[in-house]
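Here's the structure, in structure tokens; my notes come after.
The values are calculated or read from the model by the stated rules, or taken from the named source; none is laboratory data. Bear in mind the structure is a predicted one, so any value in this text is a computation, not a measurement. Here the Cβ is made from the backbone with ideal geometry for all residues, glycine too, and neighbour counts use every protein chain on show. For the accessible areas, the whole protein counts, side chains as well, though only heavy atoms, and no ligand, DNA or RNA atoms are used. Shrake-Rupley method; radii C 1.70, N 1.55, O 1.52, S 1.80 Å.
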Amino acid sequence: MFSRVARPALNITRTLSTSSQNHAKVAVLGASGGIGQPLSLLLKNSPLVSQLSLYDIAHTPGVAADLSHIETRAQVTGYIGPDQLGAALKGCEVVVIPAGVPRKPGMTRDDLFNTNASIVATLVDACARNCPEAMLCVISNPVNSTIPIASEILKKHGVYNPNRVFGVTTLDIVRANTFVAELKGLDPARVNVPVVGGHAGKTIIPVISQCTPKVEFPTDTLTALTGRIQEAGTEVVKAKAGAGSATLSMAYAGARFTFSLLDAMNGKEGVVECAFVRSEETECKYFSTPLLLGKQGIEKNLGLGKLSAFEEKLVAEALGELKASIKKGEDFVLSK
């Protein structure tokens, strides 16, 4: 199903595009954090970005000054505090939101909910007021709840377009590609594993039966591999021993998704990424599947494709938790 689609690469190069279309203004909300800083660095290096607007509640002027010395064309501006949030968003075509608190040892993504839900709601409210037509790429966890929050906030303002709101699940795909490549001795840059469902625990469903190139594993290896992909975030949290969560790999994944979206907005054809979006592919209101991206965001939802019996069982087992997370996000907004 996906073999015709080349996986995007992060192109960090001094060779700048001269295309008249490559004039995107991109905002990073939460730009001073563990994800925000490396993400902003990767975006600054891209010829797809002409203006980079950085926002956070602290340290943003310093981050912006630091990045502004890099010899690429993107002009960097730093904004700090709630009073400058509106100015940071004016004219932005893409907004990437990694803001929020990171997961610590022993914390589940649900533990993050109370703090991060309020942060995302505030930031999306500002987006609705200042750049209502921008593409929104939400990284802040728990994504299974923050995307419903973002959607309900946009609905309240009458500017909701489901084709422009994305929960960034790309890190799950990046991990699946890496882990499969390790087991099979392949070049990870040439491996492409779709990951569907959500972005937490058992809602993360790697569709290894649709991997390109085609790979096969014994049942016990497949079960262990699936479990590792689902719990890879916890693997990093434990390895950092309380010093943080997955920040560098998440920054890479967030940049990869943003570049794919910018490519599609510039008219590149055949750009496919998985993301957690409004969906009718299952009985869940939101679900991650491969999406064909275009100038207006989602051009076509490519759906689940043919799943193995093992994968069908994973989907069935994930639906209950996913529905509860979605409802939790919707209820948060409705209660305000």
Exercise for the section: Would you check which residues across segment 246-255 are surrounded by 20 or more Cβ atoms within 10 Å (Cβ to Cβ) and assigned to a helix (DSSP H, G or I) and list them? Expected result: 250, 251, 253, 254, 255
Fill in the blank from the handout: By my count, strands (runs of 3 or more DSSP E) wholly in segment 256-336 with at least 1 residues that are among the aromatic types (Phe, Trp, Tyr) are 272-278, 286-294
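Quick grid of which residues meet (1) more than 22 Å from residue 155 (Cα to Cα); (2) among the aliphatic types (A, V, I, L, M):
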| position | (1), (2) |
| --- | --- |
| 96 | no, yes |
| 99 | no, yes |
| 102 | yes, no |
| 105 | yes, no |
| 118 | no, no |
| 122 | no, no |
| 129 | no, no |
| 132 | no, no |
Exercise for the section: Answer yes if at least one residue in segment 236-254 is of a type in the set (D, E, K, R) and under 18 Å from the mean Cα position of the chain (by Cα), and no otherwise. Expected result: no
Practice task
Would you mention how many residues in segment 74-129 are at pLDDT 95 or above, of a type in the set (A, V, I, L, M) and part of a loop (DSSP other than H, G, I, E, B)?
Solution key: 2
Practice task
Scan segment 301-324 residue by residue and report those that are under 22 Å from residue 152 (Cα atoms) and out of contact with any Gly (no Cβ under 7 Å at 6 or more places or on another chain).
Solution key: 301, 319, 320, 321, 323, 324
Exercise for the section: Could you tell me which numbered condition residue 163 fails, if it satisfies all but one of (1) touching a residue at least 24 places away in the same chain (Cβ under 8 Å); (2) closer than 30 Å to residue 132 by Cα; (3) part of a loop (DSSP other than H, G, I, E, B); (4) not basic (Lys, Arg)? Expected result: (3)
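Take the residues of segment 210-240 that are of a type in the set (Val, Ile, Thr) and either surrounded by 15 or more Cβ atoms within 10 Å (Cβ to Cβ) or touching an Asp or Glu at 6+ places or on another chain (Cβ under 7 Å) (or both): which is farthest from residue 309 (Cα to Cα)?
If we take residues in segment 210-240 being of a type in the set (Val, Ile, Thr) and either surrounded by 15 or more Cβ atoms within 10 Å (Cβ to Cβ) or touching an Asp or Glu at 6+ places or on another chain (Cβ under 7 Å) (or both), then 237 is farthest from residue 309 (Cα to Cα).
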Handout entry: Test for residue 152: is it without any contact (Cβ under 8 Å) to a residue 12 or more places away in the chain, open to solvent by 20 Å² or more (accessible area, probe 1.4 Å) and assigned to a helix (DSSP H, G or I)
Key = no
Handout entry: residue 264 vs. criteria open to solvent by less than 10 Å² (accessible area, probe 1.4 Å), among the small types (Gly, Ala, Ser), over 20 Å from residue 140 (Cβ atoms) and modelled with pLDDT of 95 or more
Key = yes
Practice task
Being within 13 Å of residue 34 (Cα to Cα) and not β-branched (Val, Ile, Thr) is the filter here, so list the residues in segment 59-68 that pass it.
Solution key: 59
Exercise for the section: Answer yes or no: is there a residue in segment 101-110 that is assigned by the TED database to the domain that holds residue 31 and open to solvent by less than 20 Å² (accessible area, probe 1.4 Å). Expected result: no
Handout entry: For residue 171: the one exception among (1) open to solvent by 10 Å² or more (accessible area, probe 1.4 Å); (2) assigned to a helix (DSSP H, G or I)
Key = (1)
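This table checks each residue for (1) of a type outside the set (Asp, Glu); (2) open to solvent by less than 10 Å² (accessible area, probe 1.4 Å); (3) in the same structural domain as residue 202 (by the TED database).
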site: 244; (1), (2), (3): yes, no, yes
site: 258; (1), (2), (3): yes, yes, yes
site: 278; (1), (2), (3): yes, no, yes
site: 286; (1), (2), (3): yes, yes, yes
site: 296; (1), (2), (3): yes, no, yes
site: 301; (1), (2), (3): yes, no, yes
site: 304; (1), (2), (3): yes, no, yes
site: 312; (1), (2), (3): no, no, yes
site: 323; (1), (2), (3): yes, no, yes
Handout entry: Count of residues meeting criterion [assigned to a helix (DSSP H, G or I), in contact with a helix residue (DSSP H, G or I) (Cβ under 7 Å, 6 or more places away or on another chain) and polar (S, T, N, Q)] in segment 227-245
Key = 1
